[in-house]
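Since the structure comes first, as structure tokens, the remarks are kept for the end.
Just so you know, all these numbers are worked out from the coordinates, no wet-lab data involved. Remember, it's a predicted structure, so these values are computed and weren't measured experimentally. Because the Cβ atoms are built from the backbone with ideal geometry, glycine has one as well, and the counts that use them run over all protein chains shown.
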Amino acid sequence: MSLDTTKIVQNDLFIDDKELEYIQKSIDQRWLSEGAFAKKFSEEISKITDSNYVTFAPNGTLGLFLALIALDLPKESEIILPSFTFYASATACIFAGLKPVFIDVDLDTCNLVTEKITSAITNNTSAIMAIHIYGQSCNIEHILEIAKEHNLKVIEDAAQGFGVRYKGRHVGSIGDVGVFSFFSDKVITTGEGAAIVTNNKSLFEKILLLRNQGRPSAGTFIHPELGMNFRITDIQAGIGLSQLNKFPQIIEDRLNKFALYEKTLCSIPSIQVLKIASYSNFIPFRFCFRTDKKEILCQRLNREGIATRSYFFPMHLQPKLKKYTSHSCRNSEILYEEGVCLPIHHHLSNNDIEFICEKISLLLKE
Ligand SMILES: *Cc1c(COP(=O)(O)O)cnc(C)c1O
């Protein structure tokens, strides 16, 4: 007997016969590594994200790592990033030989507070990692201004940002290089996988060599550069293409579900729903909000079979990252203490959302 009594899960996929059809096609092509689907998938990503150059990586974490080593930043130089992010943003920096410097974020939007960047810059700073979280853009324009002034590179962790735009411009393609993840719980998925985008030709060429054993194409055993293998399979690219066909429907569906949650929950005084900055569009990643009753609320919802998720645990408090801490990041701590994510996936029904909202209303009015 299973002890798992979850009735409403945190994430589920919008995946069906269409993906199966492309998987079959990629098998029929008798070439399972990057091939026809990868080419088509990268062309579509290039169009959607306004990026001239697109390559793939096995996942978002390795995508960030590959982008960082391609930037060839000085060893042990500092990279500034928000403390409020997923662990991989920080570890990619460390494995790329850089020193992460964590700064604080805004409580309402979870976005990096750009004013804090300037005071974190030292003679040893080489880059800023801009992070687009929970379905909106951070203030990438201001980040770029600061970067330009101080001669710093900008890498965009747009792992959660596919489809997200800053004042109409697609995130990921605004800085020097950007990375989208296609992990199972992102807005579109290939299971595992990521795309790296840039408008810088020489950086793109560097990435190509690094990801393909230091050679411009397969079929030769002379490797002019150092490189490894960051390729994906054509099966994944086929799934990704199929997901792209559903993308407009996915966005609409998520926005409708967000609105339904919001209708009930935004009128509860002890709930602060994630705010969307005026410079960004919004593709809900989850229904994200803060409440000072997080712990009891999550306990009770879980008991009702509703899976909840906390916000990120801040980087500056992580067991293996604490030693890099130099700036106070109190808002990141509050976001963890109070942040709750509710599901917003395709198979969640309106009834499910109403059920969740009803339980929350009852609990918080007690
Ligand atoms: C998911 C995620 C990553 C890592 O991507 P994977 O494909 O899971 O390796 C990095 N940064 C952020 C902000 C993410 O949400």
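Charged side chains reduced to their Cβ positions (Lys and Arg at +1, Asp and Glu at -1) give segment 68-180 a dipole of some 220 debye around its Cα centre.
Couplings 3J(HN,Hα) for segment 134-139, derived from phi with the Karplus relation 6.51 cos²θ - 1.76 cosθ + 1.60 (θ = phi - 60°), are 6, x, 9, 7, 7, 7 Hz, where x marks Gly and Pro. Comparing mean-square fluctuations of ALA130, ALA120, ALA57 from a GNM of the chain with C-alpha springs under 10 Å, the top value falls on ALA120.
For the pair LYS167 and GLU115, the difference between a 0.36 nm per residue extended length and the Cα-Cα distance amounts to 16.7 nm.
With the cut-off at 1.5 for a/c, could you classify the chain from its C-alpha gyration tensor as rounded, prolate or oblate?
Judged from the Cα gyration tensor, the chain comes out oblate (a/c at least 1.5, b/c at or above a/b).
Structural descriptor for segment 104-257: relative contact order 13 percent, calculated from alpha carbon pairs under 8 angstrom and at least 6 residues apart. Would segment 217-366 count as rounded, prolate or oblate if I go by the C-alpha gyration tensor, calling it rounded below 1.5 in a/c and otherwise prolate when a/b exceeds b/c, oblate otherwise? Judged from the Cα gyration tensor, segment 217-366 comes out oblate (a/c at least 1.5, b/c at or above a/b).
Compared with the alpha-carbon gap, the fully stretched path from TYR87 to LYS323 is longer by 83.5 nm at 0.36 nm per residue.
Partner aspartates and glutamates whose Cα lies under 12 Å from the Cα of LYS293, excluding those fewer than 8 positions away in the same chain, are identified as GLU337, GLU338, GLU366. Taking every DSSP bridge with both residues inside segment 117-198, close to 40 percent are antiparallel.
What you get for segment 223-364, charging only the Cβ of Lys and Arg (+1) and of Asp and Glu (-1), is a dipole of about 380 debye around the Cα centre.
Amide hydrogen proximity for SER328: with H placed 1.01 Å from N in the peptide plane, no residue at 5 or more positions away or on another chain lies under 5 Å. Pairs spanning more than 32 Å between alpha-carbon atoms, out of LYS153/LYS320; LYS186/LYS323; LYS18/LYS320; LYS47/LYS323; LYS320/LYS365: LYS18/LYS320; LYS47/LYS323; LYS320/LYS365.
Counted residue by residue at 0.36 nm each, then reduced by the alpha carbon distance between them, the extension gain from LYS148 to LYS7 reaches 45.8 nm. Each Lys and Arg contributes +1 and each Asp and Glu -1, all at the Cβ; summed about the Cα centre of the chain, the dipole is approximately 340 debye. Of all DSSP bridge pairs formed entirely within the chain, close to 55 percent run antiparallel. Among ALA259, ALA158, ALA96, the largest mean-square fluctuation in a Gaussian network model of the chain (Cα springs under 10 Å) belongs to ALA259. Structure remark: mean-square fluctuation, Gaussian network model of the chain, C-alpha springs under 10 Å; the largest value among THR325, THR125, THR49 belongs to THR325.
Considering only segment 67-222, what is the antiparallel percent among its DSSP beta bridges, to the nearest 5?
On the way: 7 of 24 bridges.
Bridges in segment 67-222 are about 30 percent antiparallel.
Summary of the geometry: segment 1-43 and segment 327-366, compared by the centres of their Cα atoms, lie 29 Å apart. Only one residue of ILE232, SER137, ALA259 has its Cα farthest out toward the positive end of the dipole of segment 131-290, where Lys and Arg carry +1 and Asp and Glu -1 on Cβ, and that residue is ALA259. Model label points for LYS18 and ILE94, set 7 angstrom from Cα along the Cα-to-Cβ axis, are 4.0 nm apart.
Taking trypsin sites (Lys or Arg not before Pro) as exposed when DSSP calls them loop (any state but H, G, I, E, B) and at most 15 other Cβ atoms lie within 10 Å, what is the longest stretch of the chain free of them, the sites themselves excluded? Numbers along the way, then the final one.
Numbers: sites that count: LYS7, ARG30, LYS75, LYS167, LYS275, LYS320.
It works out to 168-274.
Counting beta carbons within 10 Å around each of LEU321, LEU32 and listing the fewest first gives the order LEU32, LEU321. Given a Förster radius of 30 Å and the C-beta distance between GLU43 and ARG330 as r, what FRET efficiency does 1/(1 + (r/R0)^6) yield to the nearest 0.05? Taking R0 as 30 Å, the efficiency between GLU43 and ARG330 is 0.10.
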